[in-house]
Each structure stands twice: as structure tokens, then as C-alpha cells.
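The values are calculated or read from the model by the stated rules, or taken from the named source; none is laboratory data. Bear in mind that the values here come from a model prediction, so they are computed numbers and not experimental data. Backbone-built Cβ (ideal geometry, glycine too); neighbour counts: all protein chains shown. Note: accessible area is taken over every heavy atom of the protein model, side chains too, but ligands, DNA and RNA are not part of it. Shrake-Rupley method; radii C 1.70, N 1.55, O 1.52, S 1.80 Å.
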Amino acid sequence: MTQKGKSDSGSAGSAVLLAVLLVTLVAATVYVFAARLYPAPPPITSTAVLIDRQYDLTLYVAGVVFVLAQLGLAFAVFRFRDRGQPARFTRGNVAAEIIWTSLTFLAFLGLAIAGRNAWAEVRYASPAPDAIQVEVTTTQFVYTFRYPGADGKFGRLDPSLINAPAGNPLGLDPNDRAGNDDIVVPDLTVPVNRPIELLLRSQDVVHNFFVRELRLQQDSVPGMMIPVNFTSNRTGRFEIVCTQLCGLGHSKMHSFLDVVSESEYEAFLKQQAAGQ
Ligand SMILES: [Cu+2]
């Protein structure tokens, strides 16, 4: 066995460099989030406010864990650096493994329980009795919105009748009288402060309905009718985008959500009914 000389100080240089690099990365990451460099647009529903709170809570919990874990790593890299000493084998520490696995489990469980209301309000709560139903159909690469019209009933759809160039993108069956007053439009118009129930469906592949101000992102899936609820408390024009890579035209797939006053909404329905 060869004895190493006193002058052999191991690899202190690279250990220090790596530790400093880790601390710098942690500081830069904390700055990006703490300075709110990329703020989300203001929320327009009470559920969106809940989602923001849940996002902040998750960010704080994950942020504290991130900072502690990375600083711990930087400390370990420096403290247990190569000083020229012989390497020592360790089998780990079962008690420590159990403790941090349990803590991680409890943190995720706690966050899931805290966030369940914001999640369920949009997806599982039964819609208010006065909710306005609008059907949302996604197709490569457009959105089509359908209102049931004066009778409150959606007409029958027949996939074999789908013919967008002829003005029937949804395949409305002309023999079903319930469909005669259906309003089919490329943008979504809803009145402010009224519960809206969207019924999401897709004609071809998986698309998505995402409005940042609603904090609402939901896939539309062929063969499924997926309901989502929201009530906007502010008027304005907000962009609807598809967040699923749905084909070559994906980046151009978008539409608009217009939240308008009750009277403007009535005028919109009348104008559309006259034009259909
Ligand atoms: Cu799409």
C-alpha cells in the first residue's frame, strides 16, 4: 500500500467550484421566481383566484425543498470532498430514507387535499341550473362553438354530414328540428357573471381548450364529451389556445373568448339567429 504525501490535498478545487456553481444556480432560480419576471395575466374567475393561491402554495413548498436540497448538496460536495483520504463504503441510512420518503408523501398528499376544491369546482361540480351551455368542437386546426338556440336543445349531429366548405362543420342533421335554430360560430361569446358550462368534444385528434385568464386547461378527446364550468367576473377579449401538439397547424390553432354584458349577449344571439 502506498502512503500518500501530506502535500496531496485531493480535489478541493473542483469540489469548491461545483459547490459555488450550485449555490449560484439556486440563487438565480430563486430570483427568477421571487422577482415574478413572467407574471400570469390577472384571473377573471373566483376559481382562477383559488388556482393562483394553490400555485403559490405549491411553489413555496417545492421552493423551500428545492433550496434546502440543493444547498445540502453543495454542502456535501464541499464537506466530503476528496482530501486524499481512502474512500469509505456506506450502505445508506434506512431511518433517513423512511423519514424523507414519508415527508415527501405527506407534502404531496397535503397539497392535493388543499387543491381539490379548485380542481373539482371546474370539473365535477354540477352546473348551476341557469348555466348557459355551449358546445366546443375542436378540429385540425379550428374551434367551433355551438349554442342550442331559442329551444335550448342541441340538434342531432351526423358525422357523415360533416362538410366545412359547405357551411356544416359539425355535421348538423337538417332533419332534426331541434338543430334548426342552433348557432354555430368560430368564437366564444358569453355574458359576464353567468355560469357557463362548456361541453368539449373533438372531431379528429386530442386538442385542448386553454384560456390563461380562466386558469382553465382541458383536453378535448375524440369520442368523449367533457364538461367544464366557469363564471367570468370581468368583460373583455381573451385568447383561447390549443396546447396539444395536434398537427402541422397546431401553432395557429386559436380562437377568442369574448365576455360581454348581458344586453350585448342578447344582441349577439339575436344577430346570429337572424344570420343562420
Ligand atoms: Cu389543436
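I want to verify a result. In a Gaussian network model of the chain, Cα cutoff 10 Å, which of these has the top mean-square fluctuation: Gln218, Gln54, Gln85? Answer for the Gaussian network model of the chain: Gln85. Ordering Leu17, Leu248, Leu157, Leu257 by accessible surface, largest first, gives Leu248, Leu17, Leu157, Leu257; the 1.4 Å probe counts only protein heavy atoms, with every chain in place.
How many times 2.2 N^0.38 Å is the alpha carbon radius of gyration of the range 8-106? Can you show the working numbers first?
Numbers: Rg = 19.3 Å, N = 99, 2.2 N^0.38 = 12.6 Å.
Expressed relative to 2.2 N^0.38 Å, the Cα Rg reads 1.53.
Take the chain with all the other protein chains still there, run a 1.4 Å probe, and you get 63 Å² of accessible area per residue. With all protein chains in place and ligands, DNA and RNA left out, the 1.4 Å accessible area ranks Leu71, Leu170 as Leu71, Leu170, largest first. Loop-located trypsin sites (Lys or Arg not before Pro) across the range 199-276 with a Cβ neighbour count of 16 or fewer within 10 Å are Arg234, with loop assigned by DSSP.
Considering only DSSP beta bridges whose two residues both sit in the chain, what percent are antiparallel, to the nearest 5? Kindly include the intermediate steps, with their values, before the conclusion.
On the way: 27 of 38 bridges.
Antiparallel bridges make up about 70 percent of those DSSP assigns within the chain.
Can you tell me the length gained on complete extension of the stretch Phe80 to Asn93, counting 0.36 nm per residue apart and subtracting the Cα distance?
Working: separation 13, 0.36 × 13 = 4.68 nm, distance 1.67 nm.
Contour length minus the Cα-Cα distance gives 3.0 nm.
Rounded to two decimals, the Cα-based Rg/Rh of the chain, with Kirkwood Rh, is 1.20. Volume per residue for the range 83-139 equals 223 cubic angstrom (convex hull of Cα atoms). Size descriptors for the range 161-276: radius of gyration and Dmax over Cα atoms are 15.1, 39 Å. With K and R counted +1 and D and E -1, the other residues having a Cβ less than 15 Å from that of Glu262 yield a net charge of -1. Heavy-atom accessible area for Met225, with the other protein chains in place and a 1.4 Å probe, reaches approximately 100 Å². Taking other residues whose beta carbon is less than 13 angstrom from the beta carbon of Leu216, and scoring Lys, Arg as +1 and Asp, Glu as -1, yields -3.
Using a Gaussian network model of the chain in which every pair of alpha carbons under 10 angstrom is joined by a spring, one finds that among Ala114, Ala15, Ala34 the greatest mean-square fluctuation is at Ala34.
Taking each residue as 0.36 nm, the span from Ser46 to Asp158 lengthens on full extension beyond its C-alpha to C-alpha distance by 36.6 nm.
Could you compute the longest span of the chain free of chymotrypsin sites (Phe, Trp or Tyr not before Pro) located in DSSP loops and having at most 14 other Cβ atoms within 10 Å, not counting the site residues? Spell out each step's value before the answer.
Working: sites that count: Phe80, Phe89, Tyr124.
Free of exposed loop sites, the longest segment is 125-276.
When the accessible area of the chain is computed with all protein chains present and a 1.4 Å probe, what percentage of it is carbon and sulfur?
Of the solvent-accessible surface of the chain, carbon and sulfur hold 63 percent.
Loop-only trypsin sites (Lys or Arg not before Pro) in the range 38-123, please: DSSP not H, G, I, E or B, and at most 10 other Cβ atoms within 10 Å. In loop regions of the range 38-123 (DSSP not H, G, I, E or B), the sparsely surrounded trypsin sites (Lys or Arg not before Pro) are Arg88, Arg91. Computed per residue of the chain from DSSP H runs no shorter than four, each worth -39500 (n - 2.57), the mean residue ellipticity at 222 nm is -13000 deg cm²/dmol.
Could you check how many percent of all C-alpha pairs in the range 89-194 are farther apart than 22 Å? Before the final figure, lay out each step's value.
On the way: 3166 of 5565 pairs.
I get 57 percent for the Cα pairs in the range 89-194 exceeding 22 Å.
Oblate is the label for the range 206-251, because a/c, from the alpha-carbon gyration tensor with a ≥ b ≥ c as root eigenvalues, is 1.5 or above and a/b does not exceed b/c.
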